[in-house]
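Here's the structure we're looking at; comments come further down.
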Amino acid sequence: MPLLDVRDLSVVFQRKGAEPVRAADGVSFTVEPGQTVGLVGESGCGKSVTSLAIMGLLPRRGNRVTGEVLFDDTDLLTLRPSDLRDRRGRDIGMIFQDPLSSLNPVIPLGVQVAEVLERHRGRSRQAALREARGLLDAVGIPDPARRLKEFPHQLSGGMRQRALIAIALACKPRLLIADEPTTALDVTIQAQILTLLKELVDDSGTALVMITHDLGVVAGLCDTVNVMYAGKVVERAGRHQLFGEPRHPYTEGLLQSVPRLDVDRGGRLHQIRGSVTDNIPWSAGCAFAPRCDRVIDDCIGDTVPLEPTFRGGALRCTNPVPTEVPA
Amino acid sequence: MVRVISRRLIQLVATVLALMTLVFFWLRSLPGGPVDALLGERATPQTRELLTRALGYDQPIWVQYGRFLKNVVTGNFGNSIRTGEPVTAVIGRAFPATVELAVAAIIIAIGLGIPLGYLAARHRGRLLDNATIIVTLIGISIPIFFLGYLLKDWLTQGIHVFPPSGRISTGLDNTDVTGLFVLDGLLTREFDASADALWHLVLPAFTLATIPLAIIIRITRASVLDVLDEDYIRTADAKGLRNATIRKRHVLRNALLPVVTTIGLQTGALLAGAVLTEKVYNWGGLGTLITDSISGGRDYPVLQALILLAAVVFIVVNLVVDLSYAIIDPRVRVQ
């Protein structure tokens, strides 16, 4: 039984006088206990919205969330708000993109770590702070006793993200959702944070949903990858299949867009033409068609379904990139 | 911290000095003067000259200025031209009345403003929020003297809820300790005097509080809405913290920062408002003293000392505000 089973999750933003926006459109994927699953796509493809919807963290007004988010067979979407609060931080932890703005600037770091333990483990402030010290130590923050009393602005960017990881993992959740955890950090720190995350989830058996636009992150971390485009999953595959033989033209485009060091300096960088905004509604065919190099007449007309592939993945494409192994 | 305070105190001295210079020359450039005011239009040139010399106004202006500066530095503000009393005694009598009024107004403005602003933010876009926006707009727009007379007419003439003027009922034998009548009553256990003074205080304090109150409500509302959108509130939600904890620990403190700044700036408005409020309710504080000193005889020594006092109060309050800022926001402490 999967730990997390997201079924047909849709998020529609509605504003008075404006067309409703389908930010996530029938997203389905599963996460097995201890597994690391990637959600990959460009900015605006709906990956962050999906993660916030799973956690119930979308603003209460102006949006409609439908579908099912089964965690341990409990639908988080229909849970009472107070019951959901009991699970957040205890069963599911979350790490955010910008570690500086995600920490409260006027509260000492120690309290920000300790308050999760006070809330879910019933610890006293003193006991929680002692435990927090160990947690900071575990995520590689030097001199944790001193750091507990410090404020977020006194820490470096990498240390702030480590602190956020410590907070998210404080109650040993079974699922960790990381929303672009390395985007705001410089490259050397990125690698450290990813290594740390990998170690922590491997040691504790925590399942991880990794949301990123960075294929390098996916390659180093994820067991299964979901590629999203315009609110829908367009391809799902194991890490090796995805990198070795991408089937969706969008996945292929993403992979080719990674700058390479072994190409002449004069060579043009590869890009996918157009931008996310150049799309057609999924109801009228494939949203990626206007930007696709392999577009054929069949791509326009009906919604393209997500169909299972023979390798256990899934693909939403009428004219996929051919594989060397015949299907 | 010590360095910050000492630097600010030096700034205070410089500001006060510059201000006193301005006031000195500004007062003397006004048409008319104490001599005209005291003697009237039909005085003979001889008496005018005698009085001018007696008051020292015959000397060159820079000599007067030098003497004035020396007096300010030594704390000698001279005697009131109108009454002949020492300026310090005149002001010392009026100051506690204004302090009592202003403190009461600030307590009302903060005590009501922050909770109401917070409630409005929580009910964003709903009835309570819209009502608050309209009421605060009215509160900011109504002139103090108009509201003052309106309340006075309704609540002291139409229905006798509050006393119309003064600080305490005549004939009440109260002991004067600090000059703050409500506090004095508590200190001397003359609780009837305390209650009576408080009863007199309600209308003037509310009148004076309206504008700061409306502004504090609005700033708090906007500030809370800003903070609710912050990433760290989402983090707090992701931790599964209870709503009450999030509000108390994460929202309120951050939202207070702009409010505290506003409170400091409103001190100036409060001092200006006190002049009008005291006039309406015949309060007998600094505001009354200012109007009397200008209209009744160009009382230069009293006016100079009053403006000096107002400036010092404003600067000190803002110093306190800045220091409390450092307590609320650790990011400010580093500098």
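Figures for the structure shown
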read-out: Flag for A:GLY41 being more than 8 Å from chain B (Cβ to nearest Cβ) and either basic (Lys, Arg) or free of Cβ contacts under 8 Å to residues at least 60 places away in the same chain (or both); value: no
read-out: Qualifying residue in the range A:181-193 (condition: within 14 Å of chain B (Cβ to nearest Cβ), in a loop (DSSP other than H, G, I, E, B) and more than 30 Å from A:PRO2 (Cβ to Cβ)); value: yes
read-out: Residue match in the range B:174-194 (condition: within 14 Å of chain A (Cβ to nearest Cβ), in a helix (DSSP H, G or I) and buried (at least 18 other Cβ atoms within 10 Å of the Cβ)); value: no
read-out: Listing of helices (runs of 4 or more DSSP H) fully contained in the range B:1-105 that carry 2 or more residues being more than 24 Å from B:ALA310 (Cα to Cα) and of a type in the set (Gly, Ala, Ser); value: none
read-out: Residue in the range B:108-131 that is farthest from B:LEU286 (Cα to Cα), counting only those that are assigned to a helix (DSSP H, G or I) and without any contact (Cβ under 8 Å) to a residue 60 or more places away in the chain; value: B:LEU127
read-out: A:SER10, sole failed condition from (1) closer than 15 Å to A:VAL227 by Cα; (2) away from every other protein chain (no Cβ under 14 Å); (3) surrounded by 19 or more Cβ atoms within 10 Å (Cβ to Cβ); value: (1)
read-out: Which numbered condition A:ARG90 misses (of (1) surrounded by 15 or more Cβ atoms within 10 Å (Cβ to Cβ); (2) at positive phi); value: (2)
read-out: In the range A:116-136, the residues that are more than 8 Å from chain B (Cβ to nearest Cβ) and either within 11 Å of B:TYR232 (Cα to Cα) or of a type in the set (Lys, Arg) (or both); value: A:ARG121, A:ARG123, A:ARG125, A:ARG130, A:ARG133
read-out: A:GLN161 being modelled with pLDDT of 95 or more and within 14 Å of chain B (Cβ to nearest Cβ); value: no
read-out: Where a residue in the range A:100-115 is without any contact (Cβ under 8 Å) to a residue 60 or more places away in the chain and facing chain B (nearest Cβ under 7 Å) and its partner, wherever it lies, is buried (at least 22 other Cβ atoms within 10 Å of the Cβ) and assigned to a loop (DSSP other than H, G, I, E, B), with Cβ under 7 Å and at least six apart; value: A:GLU115/B:LYS239; A:GLU115/B:LEU241
read-out: In the range A:53-71, residue farthest from the other protein chains (Cβ to nearest Cβ) [restricted to those that are touching a Lys or Arg at 6+ places or on another chain (Cβ under 8 Å) and not in a strand (DSSP E or B)]; value: A:GLY62
read-out: Near pairs, Cβ below 7 angstrom, 6+ apart or cross-chain, from the range A:23-35 (free of Cβ contacts under 8 Å to residues at least 40 places away in the same chain and under 15 Å from A:LYS47 (Cα atoms)) to any residue that is part of a loop (DSSP other than H, G, I, E, B) and not aliphatic (A, V, I, L, M); value: A:THR30/A:PRO2
read-out: Total residues in the range A:139-152, condition under 26 Å from the mean Cα position of the chain (by Cα) and without any contact (Cβ under 8 Å) to a residue 60 or more places away in the chain; value: 3
read-out: Subset tally (residues that are within 14 Å of chain A (Cβ to nearest Cβ), part of a helix (DSSP H, G or I) and not aromatic (Phe, Trp, Tyr)) for the range B:308-335; value: 8
read-out: Sole residue being hydrophobic (A, V, I, L, M, F, W, C) and either surrounded by fewer than 18 Cβ atoms within 10 Å (Cβ to Cβ) or in a helix (DSSP H, G or I) (or both), chosen from A:LEU176, A:LEU197; value: A:LEU197
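The values are calculated or read from the model by the stated rules, or taken from the named source; none is laboratory data. Everything numeric here is computed off the predicted structure, so don't read it as measured data. FYI the Cβ positions are ideal-geometry reconstructions off the backbone, even for glycines, and counts take in every protein chain you see.
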